[in-house]
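The values are calculated or read from the model by the stated rules, or taken from the named source; none is laboratory data. Predicted model, so just to flag it, every value in this text is computed and none were measured. Note that each Cβ is placed from the backbone with ideal geometry, even for glycine, and that neighbours are counted across all protein chains shown.
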């Protein structure tokens, strides 16, 4: 049909917006010839002309939603109808029916087709929805007649950036052959519908060249490189040179097609001297704007670099105008570091993605490994400029072409430290260190001042200082050394570097003898940034935990540690050093005081007889093959068990242990005298003791094995070794080859061996002379049933057992209460307050629940006065939900929970509770309406250590919010207390802040009165004189605090309220009962009869059209100055400008954005306009964007509405706002006949 085929048209180089939301389903036959299914969605037809057969067209469709809207190209629209086959004689010559996409940037429907080789003539684009629901208000369609006029270019030269733009009329090319789509969200062939800008570069010599193009802002511009230009022919139909041989697009060799706002780079493109390339900048899906393009040609001089030295720190800059370090140099050679994509920082991934551009300047340094002396080398960089994002790279080789063999990289974000570690650097190694600015740093600065430091050393260069559990040490890192700056594998450092610690460090060593919850606290004196690290080995690769807060802040590590040796490190970040206080707690030996279960000292035995013949507790043989029984011997009247080779046989005897204690921790100990005998070099020199401990007997699967053996070639005093195996797992290294763990027990002397079993955790530890040999968790030994002794390798000097004991922990210390420190902080914070109520001014009621860390047998709750520490109340009944009614405002309390832990010991947890007398935190504001009473509750003036936990309503006993600002809709009316629970995490203190609010309808209050002065449009607002703490509010049409006086002056024009506009006033006050109340009043002023009236019209238009919305006036008399603003309510339309009518002079108009414009007009003589005169026309473009209409308003934002007469007095103004809307086409069918 004619009306269908001639709906729209499109010309080459155009992109237009269409809508199918209100179109019809005209094209509905079941089979397009190029697809195999029907389309019953709305459709429309766009006509275009092919001016010659050699023109290649790309037609591109996209819309930012997920409707399934497809693209077809037909060779006719008026074809004859074939009634036999029920189809028109029309050919579908191309189609695109991709699925809709939900891409990372949002939903997108994208279709594109290529038309080439068809004769000149009229063709038709059909946009059709797959189903009746597939329609959109905003569909973009672009048509290209492919052409590239290579002669219309700008010449590029080496290292000379050019600022340009692609806002050109040349929108001739939508397709480039070197773009390699990967499907799905990345298949965008034919999508470059923006303007093109062409550049030409001629290589001055043989070599690699890099090209970069940096778009301004978040526009998506792409870069394409051609090694030869396409053949073109002038086409008078389109008016420019078109490509006649489309295969020439294979000359497109390289492409940079990164997302919006990203610098495009083409790196290391080799060219011979005199060779030319053409670079094309084009916009993705119509994007256009400014950019900077540059060719990088510099060779790199590997010998002209600043050499870094160990323990050197200084500030530098990659800004070539800075000269932060006088002898370093910036360069602009390296635009990418793709060789570093898989490199680490020496501990973990460096975080560098592929093809990340580094188009800004860099600084390259040299480091000679001969300076390192086989130590570790850490390189740190620190931002000295806000949001600076420079990254760190280390290469191992350098040539004139560039850097190769990337070894390390660290690429964290703006304002983050970057660090790399090189371990065991030898004298023959050399490194090239690059500090480079990333071009695509989000919200980052890529050039500026940074600090760099080089730390050389090993952690073992320090000698650790012992620290015991419960100790507090005052230290100062100033007198220490900086041997390391990077700690690897800290669990807290997943998204930050483990480096940056180039200040001096102090090291401490402590022992954990039983599984413990350890707390390490570091308090700093001053504003230095000292960090806290915990290591479970004397090695930087064994970081267990850290705490890295800001300058001056305390650091704390809490960790559940197994028995072993641990190391605390007090570190300085970014070179900081200073004084501190270090505290260690929680690792006390839970079995330091024991009670004896039994002891065997052999004094009741007869010497020179076997042990089992004298006691049923001893047996032989055990475990091995019929080895004889060991004998009791005597020395100076003191008996002992001699375990030796008797008559060249190994003796092996075992003692049964009655481990029937109920204690959680038991400790088996024995004294062993270990002689040394030089047995020779085969199989080894050995002290010859083997000890076996079983859970039940020698058939038990759970056991412990210890062997005291010396390494071959040993002497009497050196290289003493112990092999330890628990449940067939070797705890000591080298046991299988007879080597054993180096452990210096005492030879030719008595040693005390202890085996400690903690039954609740299955943890087992072995000590020799109170030093930890090894430990294992979940060992499977639930008790100790047998200990056996066997001699080996030592025929002439058996070892002696003089005492065997089984001990258990004694009863716990007494019921002790204490305050943690001199500031009065309680010992924990694991008590929760689920409920608080404040029913009068004299007391507050609160309930308490214990936390997870207090698990155990409940003993009691206790309330203490925090100032006198006197006990006020106890409760032994309510383990959870304990409620205390009588907290008095103005006082502080300790609330304590007592319980028994798994050892049966009494523990307690306390929190500090403070109830201020005059709570200044809570600020209530009325936010409701006459039919909906509601308040906004806000907490003000909180410190950085304080946070809101919860809000409570005393009437309902419910939590009404947990944020610093909450909306409160009360149930019913009357007086109630609103309480806010605030927590200070530094002082471990809760603050209960309550205020009394009288819940009532403030609109029923008749106490708000006013006097109006019409001469200056001012109101004098009054409340009764007995009200206290009055605050006046403007609630509508805008919100503001008016003042605190009574009476209070108020002028609506000060708040951009137009004459005649109703407004709401309220005041908050405190009555004689200390209850907060509100009083509201809506004031509707009578507009002045002679007020100037502006009336904005209502106009409709189709999408893409620019319409004029009139502003008519009444009472426009004697006016010589005016200012006002025009606002649109949404993005249905865009403001394009405004034309003022009937006034002399030159008005100043400023379109601020698509939604706002400002008008200012001043004239020497006044103007009078007749009523109904069109004073202005607002130019508005209809966008649609899925909407049907939008409001057009004359407002005081940002420029105030102000019309003045010839006496420079403001004239009252009334505004009637208008609307723009979407026009609907109406088609009426009929017949035209010849009337006779």
- prompt: Looking only at strands (runs of 3 or more DSSP E) that fall completely inside the range 1015-1115, which ones have 3 or more residues that are over 50 Å from the mean Cα position of the chain (by Cα) and touching a residue at least 24 places away in the same chain (Cβ under 8 Å)?
  reply: 1018-1022, 1092-1096, 1106-1114
query: Could we say that residue 1120 is modelled with pLDDT under 90 and either surrounded by 16 or more Cβ atoms within 10 Å (Cβ to Cβ) or assigned to a loop (DSSP other than H, G, I, E, B) (or both) here?
result: no
task: Identify the residue in the range 157-175 that is over 30 Å from residue 19 (Cβ atoms) and either assigned to a loop (DSSP other than H, G, I, E, B) or assigned by TED's automatic domain parsing to the domain that holds residue 1183 (or both) and, among all such residues, is modelled with the lowest pLDDT.
output: 159
- line: Within the range 1148-1161, residues farther than 9 Å from residue 1135 by Cβ and surrounded by fewer than 17 Cβ atoms within 10 Å (Cβ to Cβ) come out as 1148, 1149, 1150, 1160
Total residues in the range 343-365, condition under 17 Å from residue 404 (Cα atoms), part of a loop (DSSP other than H, G, I, E, B) and at pLDDT 85 or above: 2
message: When the residues of the range 695-715 are narrowed to those that are within 52 Å of the chain's Cα centre (by Cα) and assigned to a loop (DSSP other than H, G, I, E, B), which ends up modelled with the lowest pLDDT?
response: 701
query: Only one of 541, 549, 626, 639 is part of a strand (DSSP E or B) and surrounded by fewer than 19 Cβ atoms within 10 Å (Cβ to Cβ); which?
result: 639
- prompt: Counting only residues that are at pLDDT 90 or above, over 24 Å from the mean Cα position of the chain (by Cα) and within 30 Å of residue 987 (Cα to Cα), how many does the range 537-566 have?
  reply: 2
task: Could you run through the range 977-1006 and say how many residues are in a loop (DSSP other than H, G, I, E, B) and touching a residue at least 24 places away in the same chain (Cβ under 8 Å)?
output: 7
field: Among (1) part of a strand (DSSP E or B); (2) surrounded by 15 or more Cβ atoms within 10 Å (Cβ to Cβ), the one test that residue 879 misses
entry: (1)
query: Can you name every residue in the range 189-221 that is assigned to a loop (DSSP other than H, G, I, E, B), in contact with a strand residue (DSSP E or B) (Cβ under 6 Å, 6 or more places away or on another chain) and over 15 Å from residue 176 (Cβ atoms)?
result: 203, 216
- prompt: What number of residues within the range 12-55 are at pLDDT 85 or above and over 46 Å from the mean Cα position of the chain (by Cα)?
  reply: 8
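To keep it simple, each residue is scored yes or no on (1) closer than 21 Å to residue 392 by Cβ; (2) surrounded by fewer than 19 Cβ atoms within 10 Å (Cβ to Cβ); (3) outside the structural domain of residue 771 (by TED's automatic domain parsing).
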site: 487; (1), (2), (3): yes, no, yes
site: 491; (1), (2), (3): no, yes, yes
site: 499; (1), (2), (3): yes, no, yes
site: 502; (1), (2), (3): yes, no, yes
site: 508; (1), (2), (3): no, no, yes
site: 515; (1), (2), (3): no, no, yes
site: 522; (1), (2), (3): no, no, yes
site: 527; (1), (2), (3): no, yes, yes
task: Would you tally the residues in the range 482-512 being over 25 Å from the mean Cα position of the chain (by Cα) and not in a loop (DSSP other than H, G, I, E, B)?
output: 8
statement: residue 598 meets each of (1) over 27 Å from the mean Cα position of the chain (by Cα); (2) touching a residue at least 60 places away in the same chain (Cβ under 8 Å); (3) within 30 Å of residue 417 (Cα to Cα) with one exception, condition (3)
- prompt: Would a scan of the range 1158-1176 turn up a residue that is within 27 Å of residue 19 (Cα to Cα), modelled with pLDDT of 90 or more and assigned to a strand (DSSP E or B)?
  reply: no
- prompt: For residue 298, which of the numbered conditions (1) at pLDDT 85 or above; (2) farther than 15 Å from residue 434 by Cα fails to hold?
  reply: (1)
message: Just to be sure before I move on: is residue 1066 exposed (fewer than 15 other Cβ atoms within 10 Å of the Cβ) and at negative phi in the structure I sent?
response: no
- prompt: Here are 911, 960: which of them is part of a strand (DSSP E or B) and without any contact (Cβ under 8 Å) to a residue 60 or more places away in the chain?
  reply: 960
task: Go through the range 660-670 and count every residue that is farther than 13 Å from residue 595 by Cβ and either outside the structural domain of residue 799 (by TED's automatic domain parsing) or at pLDDT 85 or above (or both).
output: 3
